[in-house]
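Undergrad: The structure under discussion is supplied below as structure tokens; questions concerning it will follow.
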Amino acid sequence: MKRTYSFVVKIISVFILAFSNTTFTQEAQNPLYIDLSQTMGFIMGQRFSLNRIKTEYPALSARAQIAEHLFKASFGLAEGNIDGVLRNLLKDEYSEYIATMETGLRSTLNSQKTNQDMAMQFLDES
């Protein structure tokens, strides 16, 4: 499931970048930008999924919070570095870029069906 989820998040990130009408799409040709955007999409997707589990399945909230702390310990520094590079690349368009990523991820991930068993499997793989 984790591999499938990662793949979906990467596709979503590329889709958002390719079809957005904002000026930050000019950077979309930059391989560094593509890699960083995919990674940022994955990080944002993980965070969104953990928050969703905490909200929709209160019985799993403690496990989701532990997974969130472990994820942050593993990827927090990378996220900060990626954020800094994207801010530098995108300059004034950074806020719009993040808002577009959040909207796209939220829309796509909210439309995915989930249940408590799937949430537990996600937490087991996190």
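Undergrad: Which of rounded, prolate or oblate describes the stretch 22-126 when judged by the alpha-carbon gyration tensor and an a/c cut-off of 1.5?
TA: Numbers: a/c = 2.75, a/b = 1.86, b/c = 1.48.
Taking the square roots of the gyration eigenvalues as a ≥ b ≥ c, the stretch 22-126 is prolate.
Undergrad: Run the numbers for ASP117 and HIS69: contour at 0.36 nm per residue of separation, minus the present Cα-Cα distance, in nm.
TA: Values: separation 48, 0.36 × 48 = 17.28 nm, distance 2.13 nm.
Working it through step by step, the gained length comes to 15.1 nm.
Quick note: the coordinates plus some simple rules give every number you see, no bench work behind them. These numbers were taken from a predicted model, which means no experiment stands behind them.
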